[in-house]
Amino acid sequence: MACFNGITASADATNQMHSFKQAMREVSAKPDWLSARHIERQRWNPYSMEGGSTCAISGDNFAIVASDTRMTANDINILTRDAEKIQVLNDSIILTTSGFYGDVLQLTKVLQSRLHKYRFDYRADMSVDLCAELLSRNLYYRRFFPYYTGAILAGIDEHGKGAVFSYDPIGCIERLGYSASGAAEPMIIPFLDCQIGHVTLDEGYEKPALTMERAISLMKDSFRGAAEREISTGDKIHLVIAEAGKPIVQKFLPLRED
Amino acid sequence: MWGETFDDFENDEVEMVNAKKNLMIEPAHNDFTFQGLPLGIQPVDFMKTHFGATAGKSMQFRKGTTTLAFVYEPATPNDKGGIIVAVDSRASSGEYISSKSVMKILDIGDRMVATMAGGAADCQFWTRTVAKYCTLYELREKTNITVSAASKYFANVLYGYKGQGLSVGSMVAGYDKKGPQIFKVDSEGDRCSLKVCSVGSGSLNAYGILDNHFKPKMTDEEARKLGLRAIMHATYRDSGSGGVCNLCHITPTEKIRLPPMDVSKLWYEFAGEISRDIAYEPVE
């Protein structure tokens, strides 16, 4: 550069830097050697979305998990009416996932093998708190090629209390009282916020306690509501009930099939 | 390996000594790698396509925040002084609020915390990594790690992943032998020491309140109130922030976590204090 006097020079330098960055961005987004075949490959889509919703509610001594059993392609074409999206991993841990069914199966398999190894190493079943952290880390290990899943882990913790852990696709973990995931999440959560969280209730009103019977009927209501207004949710509710000190119970209840 | 315990060495004392010694050796820095995409696929573009704004609500990563921290000195001998860390609790995926009760103050050891802004999973995972590093450091060196060292490790790790799409804006705050310290660390690799600091989508609003009311010397009551007030105003004007205000007070001797405060209740509290609406209303 010829001019090195004050403002002009610095403005020039800024412009140069700007155009350099711009050129760098362009060339890294579309290098010269990129053939049509390469560009096609960039649009590579390993994921699909099979729809459906899942939900979990925890209480003092129980956790209930539910999901619908519909599996759709492109939200329209129903592939099957009895896909199982809930996996009972051991006597106190239940995993439920929505999203890409291939990743759901893979994630289940990974967790099952890790739980099996834990049993082998420590001669005891893993607790739900440990499994929650394990799941979070396993989701994050795929940070740059994530599992296309919304996972919820529920169960009975070491103190006999119900536990629900909610995740995002890359393993942001949070323990909550209730959680939902999948296509109808934005419908189910406000309903549960109202009925269980009592966020819309003014102070001084009676707030009914969350018994297991109430939780189960709320769960049924939320899925019936979702099936009325959401296309990829329907067919059957797969309901899994875990109560402290009792074996896990599984039920299938009918839903709208349209 | 997995399941290996000291029992396996009890027959041989030399082996036992070696085993103990090996446990204290600095661990291999990072012997695992993230599973990547197939060759030729750009991770950042890939993420934008499948988990960006066009993806379904449940597939977007959780983010969005206001976090702040400041250092102050006690105004009277009765006060403790130290660091106030205040955060909101909202996590949003696109326009959907995926959680309103996130704990954004994460522990790193007994004397240090890190705040969480940007990608929630990124912050949680890497803060864990830093916490592990600090614990191992303290076991190995038999001395407390400084905030500076912890934050530098954090920044170095993040710099190693620069350009790959991580999103972290964290403040590492705590007390060490040099006194109260706050370091702001982000996923671009930036790290700087600050006395008053705010990060996140609502940071500008929080800075407005902080810069207006901050004094180097404050009572504990004043300082806590300032933290709450700044978060409340940030949540009021920034749609990416909300929920409750979590506050952590780090004094020279202890770390006090205060119970969460609902920001919409704080709104009425502060409005009552100045006896008018919080928002500016010109008088005719």
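The values are calculated or read from the model by the stated rules, or taken from the named source; none is laboratory data. Computed from a predicted model, the values in this text were never measured in an experiment. Heads up, the Cβs are rebuilt from the backbone with ideal geometry, glycines too, and the neighbour counts pull from every protein chain shown. The protein model used for the area step is the full one, side chains on, heavy atoms only, and it has no ligands, DNA or RNA in it. Shrake-Rupley method; radii C 1.70, N 1.55, O 1.52, S 1.80 Å.
Close Cβ contacts (under 6 Å, 6 or more residues apart or on different chains) running from residues in region B:185-203 that are more than 12 Å from B:G169 (Cα to Cα) to residues that are assigned to a loop (DSSP other than H, G, I, E, B) comprise B:V196/B:F214; B:G202/B:D238; B:G202/B:S241. For region B:94-111, a tally of residues being open to solvent by 10 Å² or more (accessible area, probe 1.4 Å) and either acidic (D, E) or more than 10 Å from chain A (Cβ to nearest Cβ) (or both) returns 7.
Looking only at region B:236-272, filter to residues that are open to solvent by less than 20 Å² (accessible area, probe 1.4 Å) and of a type in the set (S, T, N, Q); which one of those is farthest from B:Q181 (Cα to Cα)? Out of the qualifying residues, it is B:S241. Based on what the data block shows, is B:A120 facing chain A (nearest Cβ under 9 Å) and more than 21 Å from B:R224 (Cβ to Cβ)? Yes, satisfied. If you filter region B:41-66 down to residues that are modelled with pLDDT under 75 and facing chain A (nearest Cβ under 7 Å), you find that the one that is farthest from the chain's Cα centre (by Cα) is B:G56.
Every residue, every condition in (1) at pLDDT 95 or above; (2) in a helix (DSSP H, G or I), yes or no:
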{"site": "B:E222", "(1), (2)": "no, yes"}
{"site": "B:K225", "(1), (2)": "no, yes"}
{"site": "B:R229", "(1), (2)": "no, yes"}
{"site": "B:H233", "(1), (2)": "no, yes"}
{"site": "B:S239", "(1), (2)": "no, no"}
{"site": "B:G242", "(1), (2)": "no, no"}
{"site": "B:C248", "(1), (2)": "yes, no"}
{"site": "B:T253", "(1), (2)": "no, no"}
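Considering region A:152-161 alone, what residues qualify as being at pLDDT below 95 and either within 10 Å of chain B (Cβ to nearest Cβ) or buried (at least 24 other Cβ atoms within 10 Å of the Cβ) (or both)? If the condition is that a residue be at pLDDT below 95 and either within 10 Å of chain B (Cβ to nearest Cβ) or buried (at least 24 other Cβ atoms within 10 Å of the Cβ) (or both), then no residue fits. The residue list A:A215, A:A209, A:A183, A:A163 contains one member that is touching a helix residue (DSSP H, G or I) at 6+ places or on another chain (Cβ under 6 Å) and either closer than 25 Å to A:P247 by Cα or assigned by TED's automatic domain parsing to the domain that holds A:I64 (or both), which is A:A163.
Of all the strands (runs of 3 or more DSSP E) wholly in region A:146-191, which have at least 1 residues that are more than 20 Å from A:A215 (Cα to Cα) and in contact (Cβ under 8 Å) with a residue 12 or more places away in the chain?
Strands (runs of 3 or more DSSP E) meeting the threshold: A:149-156, A:162-167, A:173-176.
Do we find a residue being under 22 Å from A:S136 (Cα atoms), among the hydroxyl-bearing types (S, T, Y) and part of a loop (DSSP other than H, G, I, E, B) anywhere in region B:90-97? Taking every residue of region B:90-97 in turn, none turns out to be under 22 Å from A:S136 (Cα atoms), among the hydroxyl-bearing types (S, T, Y) and part of a loop (DSSP other than H, G, I, E, B). Take the conditions (1) within 14 Å of chain B (Cβ to nearest Cβ); (2) touching a Pro at 6+ places or on another chain (Cβ under 8 Å); A:R214 misses just one of them, which is (1). With respect to the conditions (1) at pLDDT 85 or above; (2) in contact with a helix residue (DSSP H, G or I) (Cβ under 6 Å, 6 or more places away or on another chain); (3) more than 14 Å from every other protein chain (Cβ to nearest Cβ), B:A91 lacks only one, and its number is (3). The listed residues are A:A180, A:A132, and the only one of them that is surrounded by 19 or more Cβ atoms within 10 Å (Cβ to Cβ), more than 11 Å from the chain's Cα centre (by Cα) and over 23 Å from B:V263 (Cα atoms) turns out to be A:A132.
Within region A:4-27, is even one residue in a loop (DSSP other than H, G, I, E, B) and open to solvent by less than 80 Å² (accessible area, probe 1.4 Å)? Within region A:4-27 (the criterion being in a loop (DSSP other than H, G, I, E, B) and open to solvent by less than 80 Å² (accessible area, probe 1.4 Å)), the answer is no, since none of the residues qualifies.
In region A:37-58, the residues that are away from chain B (no Cβ under 11 Å) and open to solvent by less than 20 Å² (accessible area, probe 1.4 Å) form Cβ pairs under 7 Å with partners that are in a helix (DSSP H, G or I) and of a type in the set (S, T, N, Q), at six or more places apart or across chains, as follows: A:C55/A:S222. Of all residues in region A:113-136, those that are within 11 Å of chain B (Cβ to nearest Cβ) have Cβ atoms under 6 Å from Cβ atoms of residues that are open to solvent by 50 Å² or more (accessible area, probe 1.4 Å), 6 or more apart or on another chain, in A:D121/B:W2. Just one of (1) in contact with a His (Cβ under 8 Å, 6 or more places away or on another chain); (2) open to solvent by 30 Å² or more (accessible area, probe 1.4 Å); (3) away from chain B (no Cβ under 14 Å) fails for A:T80. It is (1). Residues that are touching an Asp or Glu at 6+ places or on another chain (Cβ under 7 Å) and open to solvent by less than 70 Å² (accessible area, probe 1.4 Å) were ranked within region B:202-216; the one that is farthest from B:E73 (Cα to Cα) is B:G202.
Restricting attention to region A:107-123 and to residues that are of a type in the set (D, E, K, R) and farther than 15 Å from A:Q87 by Cα, the residue that is least open to solvent (accessible area, probe 1.4 Å) turns out to be A:D121.
Quick check on region B:132-165: of everything there that is within 14 Å of another protein chain (Cβ to nearest Cβ) and open to solvent by 20 Å² or more (accessible area, probe 1.4 Å), which residue is farthest from B:F51 (Cα to Cα)? By that ranking, first place goes to B:K132. Inspection of region B:262-284 finds no residue satisfying the criterion of being within 18 Å of the chain's Cα centre (by Cα), within 30 Å of B:S93 (Cβ to Cβ) and of a type outside the set (A, V, I, L, M, F, W, C).
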